[in-house]
1. Let me have the relative contact order for the stretch 102-283, percent, based on Cα pairs under 8 Å that are six or more residues apart.
2. Show me the trypsin sites (Lys or Arg not before Pro) within the stretch 1-58 that DSSP assigns to loop and that have at most 13 other Cβ atoms within 10 Å of their Cβ.
3. Taking a ≥ b ≥ c as the square roots of the Cα gyration tensor eigenvalues, with a/c under 1.5 meaning rounded and otherwise prolate when a/b beats b/c, else oblate, which class fits the stretch 1-47?
4. Using a Gaussian network model on the chain with a 10 Å cutoff between Cα atoms, which of G159, G270, G225 fluctuates the most?
5. Tabulate in residue order the Karplus-calculated ³J(HN,Hα) for the stretch 258-270, using 6.51 cos²θ - 1.76 cosθ + 1.60 with θ = phi - 60°, rounded to whole Hz; enter x for Gly and Pro.
6. Working only with C-alpha atoms, what are the Rg and Dmax values of the stretch 102-283, expressed in angstrom?
7. Taking a cut-off of 13 Å between Cα atoms, list the aspartates and glutamates near K300, but don't count ones fewer than 8 places away on the same chain.
8. Counting only DSSP beta bridges with both residues in the chain, what percent are antiparallel, rounded to the nearest 5?
Amino acid sequence: MKKTVFITRQLPDEAVAPLRERFDVDMWGSEDEPVPRDVLLEKAETAHALWTVISEEVDRELFGRAKNLEIVANMAVGYNNIDTEAAKEHGVAVTNTPGVLTETTADLAFTLMLAAARRTGQAEKALRAGEWKSWTPMGFTGQDIFGATLGIIGMGRIGEGVARRARGFDMDVFYHNRTRKPEAESMHGFRYSGLDDLLRRSDFIVVLTPLTDETRGLIGARELGLMKETAVLVNAARGGIIDEEALYDALRSGQIWAAGLDVFEEEPIGLEHPLLELPNVTALPHIGSASIKTRLAMMKLNAETITDCLEGRQPANRVV
Ligand code: DGY
């Protein structure tokens, strides 16, 4: 009897083909509609492997029902959608997709810095709405990136990628992280900073830390109050790290200049969400790792870890 794999989102044939040769593969039939919870639970009851995306809650209830489950392969570097404690207790391996998405996600974080600072979304919207009447001396003026100070919160691989890009823009780079990165400091001149100092001195603040119990609500009203009035805040990590109500107040009152957000507390964000009313918010639908090459590379890693685990080898990129 072949082992079974349930894939929670429709993926390209080329990504799934290596698994079909070895296992019974069952796949949810939509690329954009998440699998309903009851279907996920039912499939998990018999599956040996689950290949998930970040919108699935892989929680204690699921692990309790999944009697055959050996591995959950999550198509993301972040895995806050998975109860890792419960996975450990049930002896299920959990893998993610680090490394392959570093540069693509760093590109997107930088895109958000540029777009929010230079108001490109707002300007394009005005052009398309027929509001471009003439060249305007102070029209759509924004903040300079070149030569500015960048503060990175969460100096993992992606943080370092953003910091490296910033050197090309002659930016001064500070970072805050649980552990210091002596190599990045000596090799590139990035400087470590306490969180409050980083918030006070930075023109651009980019959040790239994982969402954990420690980082939930890390940037709230107090932290926003420390930032410059010209500051641009970017979140390319996870919603929940920045308090959205406090952010709304800070952006509306002009306490900070702009925000570039790829992630939200609730995804997809509702169209009635107050943040979307603000012209100084650049909002994207969680596309940090969304290049064709990178998404296929993430899928390849997932397929390899599933194959290794189900065939009795140690899978790479285990987080549990
Ligand atoms: C990740 O990898 O964690 C991203 O947020 C999903 O693309």
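Nothing in this text is a laboratory measurement; each read-out follows from the coordinates by a stated rule. Computed from a predicted model, the values in this text were never measured in an experiment. Glycine also receives a Cβ, built like all others from the backbone with ideal geometry; neighbour counts cover every protein chain displayed.
1. The normalised contact order for the stretch 102-283 reaches 21 percent.
2. Here the trypsin sites (Lys or Arg not before Pro) that fit, given the DSSP loop and packing criteria, are K2.
3. Judged from the Cα gyration tensor, the stretch 1-47 comes out oblate (a/c at least 1.5, b/c at or above a/b).
4. Of G159, G270, G225, the Gaussian network model singles out G270 as fluctuating most.
5. Couplings: 7, 9, x, 10, 9, 9, 9, 4, 10, 10, x, 5, x Hz.
6. 16.0, 52
7. The qualifying aspartates and glutamates are D13, E14, D308.
8. 5 percent
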